[in-house]
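Derivation of every value follows stated rules applied to the coordinates shown; laboratory data play no part. From a predicted model like this one, the values you see are computed outputs, not experimental measurements. Ideal geometry is used to build each Cβ from the backbone, glycine not excepted, and the neighbour counts take in all protein chains shown.
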Amino acid sequence: MGNGLERGVVRMIELAIRDGLVVDGSGGAPRVADIGIERGRLVAVGDVGAAKLNLDAAGLVVAPGFVDAHTHDDMQLRRDPFNREKLLQGVTTVICGNCGFSAFPHRPGQTSPDLLSTDGPWDSFSSYARTLRAQGIGPNMATFVGHNTVSRHADPQVDRRPDRRRRTQIVDRVRRSVDEGALGVSTGLIYEPGRSSVVEDLVEIASAAAESGGLYCTHMRDEGAGLIDAIDEALTIARESGAGLQISHLKTVGRGNWGLVATALDRIDEAHQGGLDIGFDVYPYTAGSGPFEQYFDSDHVDVARLEFVQIVHCPDFPHFQGLRVPAIAEVEGCSAEDVTRRIISGPRATETVCVIFEIDENEMRTVLAHPRAMIGSDGIPQDGGVPHPRLVGAFPRVLGQYGRDEGLFDLSAAVKKMTSIPADRFGLAGRGRIQPGYWADITIFDHSTITDRATYQERNSPEGIRWVLVNGEVAVTPDGLGSALAGRVLTRAGDR
Ligand SMILES: [Zn+2]
């Protein structure tokens with residue numbers, strides 16, 4: 001076709017989403033508008049013109065795709081490339097590598113003895129990213145490099161401070177990972193080897209990340225009685241290293257400690273006002289979840305805490321799944337301490353995951369309602385048993401229960417917590433807003449019906465998510481999961 005002919009043809013864009021209530025992620029007022037998409041990007045908002053394909057969104061909300069600020073989906077993207085639990089919630093980007101655990105560095109042929117159970121052909125961030133790109137993934141992903149993973153890679157003995165030579169290896173590996181595109185370094189200071197780490201070493205590690213613009217993201221040393229000291233430790237590390245700070249799943253655990261969250265938020269606000277680059281994420285539930293063996297010690301079993309513990313995944317004793325520990329003890333005719341010791345001494349003890357009901361609803365709401373809070377599900381993917389419902393329902397729950405039903409925040413504020421706030425925080429260029437030029441990660445939902453339906457007893461998919469687009473391709477339709485694996489591995493320096 002010659003240029004003269006082309007000039008006369010009416011240009012049609014690829015896809016228009018018509019008449020939806022656009023909540024653009026900025027926190028601004030919603031407005032009914034059309035949006036136009038071409039080659040994976042938003043090209044128009046408002047006056048869109050003719051399109052080859054039209055999607056009617058009348059009566060529905062059109063929002064940027066949600067960014068799950070805190071996930072453990074690193075290996076789930078291998079087991080289920082669609083990452084269906086996330087796409088079906090409207091999540092279009094998952095942030096991995098949290099709590100000190102990442103899928104790299106890794107030794108091919110070995111399986112990591114941690115909650116990720118990493119197993120694959122890569123050794124570094126670059127080769128892990130290459131593997132995911134070759135295979136295809138449903139949502140976009142970006143990842144931290146985990147301090148626990150790096151440390152164990154350098155020194156298999158986890159209950160000691162590494163020697164100088166190993167500390168240098170750890171710092172070099174963090175620097176290299178961030179240079180290759182990781183978002184920064186994460187720590188999990190309640191887990192080994194993080195638990196044995198000293199502030200001086202963490203400053204050095206965070207500095208290595210900061211040199212390339214990476215963040216310091218932390219599951220803090222104490223979320224109970226020592227919460228405020230733990231926040232002060234994180235602030236010290238951020239200030240001394242120059243790294244931006246992300247506090248993971250902010251909360252107070254343990255009934256005796258409830259009340260500390262207000263002080264924690266004051267500390268965070270003061271630091272923010274003082275110019276520190278600081279953010280935090282939260283999940284909308286009153287139970288935490290993690291590897292059982294990391295919370296309980298067979299020599300000194302915390303019996304009072306066991307009252308609130310439910311086993312959700314247990315390859316060694318599948319019949320324990322879904323039950324609280326005292327109930328298991330009753331069925332087995334033994335004490336709760338005995339149940340604990342049996343689980344911890346099982347051959348696959350590292351894979352046993354529990355849920356602990358120890359967060360105050362009002363404190364959780366206070367964190368959730370904070371204008372700078374972002375949503376991170378912290379879900380731990382598992383094939384069997386019933387996972388903590390946050391894996392399946394966190395985002396619909398914020399929009400439905402806490403936004404629409406309880407009025408904790410308005411719709412625009414709720415969407416902002418799951419779109420522009422995390423996208424800006426993690427430096428995801430061109431994502432988190434509905435704006436011309438941005439990537440077409442879009443979630444379309446019915447605000448009047450959106451509901452999380454997952455409970456601690458049943459893994460139910462949410463209601464009300466209608467369409468999900470990732471990089472302009474349809475990943476979810478009203479009938480369920482589509483066939484697109486349109487996600488990209490995102491790097492700190494931009495898409496590659
Ligand atoms: Zn954590």
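Simple rule: put +1 on each Lys or Arg Cβ and -1 on each Asp or Glu Cβ in region 288-357, find the dipole, and look at I343, F296, V355; the Cα lying farthest toward the positive end is V355. Can you give me the Kirkwood hydrodynamic radius for region 151-305, using every pair of distinct Cα atoms, in Å to one decimal? Kirkwood radius, region 151-305: 16.4 Å. A cut-off of 5 Å between modelled amide H atoms, ignoring neighbours fewer than 5 places along the same chain, links G184 with V145, L215.
For region 379-471, applying the loop criterion from DSSP together with a ceiling of 10 other beta carbons within 10 Å to the trypsin sites (Lys or Arg not before Pro) yields no site. For region 44-57, backbone phi angles converted through the Karplus equation (6.51, -1.76, 1.60; θ = phi - 60°) give residue-by-residue couplings of 7, 10, x, 8, 9, x, 6, 9, 5, 10, 10, 10, 7, 10 Hz, Gly and Pro being listed as x. Once each part is reduced to its C-alpha centroid, what is the distance from region 343-367 to region 57-85 in angstrom? What the calculation gives is 23 Å, centre to centre. In this simple spin-label approximation, R255 and A304 carry label points 7 Å from Cα along the Cα→Cβ vector, and these lie 0.9 nm apart.
Across region 194-264, C-alpha contacts under 8 Å between residues 6 or more apart give a mean separation that, scaled by the residue count, equals a relative contact order of 35 percent. Phi angles of region 244-252 translate, via the Karplus equation with coefficients 6.51, -1.76, 1.60 and θ = phi - 60°, into HN-Hα couplings of x, 10, 10, 8, 7, 5, 5, 5, 10 Hz per residue; Gly and Pro are given as x. Between the C-alpha center of region 445-496 and that of region 153-193 there is a gap of 33 Å.
Along the chain, the exposed loop sites are GluC sites (Glu not before Pro) outside DSSP states H, G, I, E and B with at most 16 other Cβ atoms within 10 Å, and the longest stretch free of them is 1-306.
Each Lys and Arg contributes +1 and each Asp and Glu -1, all at the Cβ; summed about the Cα centre of region 288-357, the dipole is approximately 180 debye.
Over 26 Å apart at the Cα level, from the set K52/K416; K86/K251; K52/K417, are K52/K416; K52/K417.
Distances between every pair of Cα atoms in region 18-145, grouped in 5 Å steps from 0 to the bin holding the largest one, split as 2, 10, 17, 17, 15, 11, 9, 8, 7, 4, 1 percent.
When each of T118, T71 is scored by the number of other beta-carbon atoms lying within 10 Å, the sequence from fewest to most is T118, T71. Residue order for H249, H147, fewest other beta carbons within 10 angstrom first, comes to H249, H147.
In terms of its alpha-carbon gyration tensor, region 335-414 comes out prolate; a/c meets the 1.5 threshold, and the first ratio a/b outweighs b/c.
Considering only DSSP beta bridges whose two residues both sit in the chain, what percent are antiparallel, to the nearest 5? Close to 55 percent. Extension gain, S335 to N362: 0.36 nm times the residue separation minus the Cα-Cα distance gives 6.4 nm. Could you give me the percent of Cα pairs per 20 Å distance bin for the chain, shortest bin first, beginning at zero and ending with the bin that holds the maximum distance? Whole-percent P(r) values from 0 Å outward: 24, 57, 17, 2, 0.
Only Lys, Arg, Asp and Glu count, each charged at its Cβ (+1, +1, -1, -1), so figure out the dipole size of region 12-155 about its Cα centre, rounded to 20 debye.
Computed about the Cα centre, the dipole is about 280 debye.
Taking other Cβ atoms within 10 Å as a rough exposure proxy, M141, M364 sort from fewest to most as M364, M141. From the helices alone, meaning DSSP H stretches of at least four residues, give me the mean residue ellipticity at 222 nm for the chain, per-run term -39500 (n - 2.57), in deg cm²/dmol to the nearest 500. -8000 deg cm²/dmol, from helical runs alone.
To the nearest ten degrees, helix 260-273 and the longest principal axis of the Cα atoms of the chain are 50 degrees apart. Placing unit charges on each Cβ (+1 for Lys and Arg, -1 for Asp and Glu) gives the chain a dipole about its Cα centre, and among S377, A209, G322 the Cα reaching farthest toward its positive end belongs to A209.
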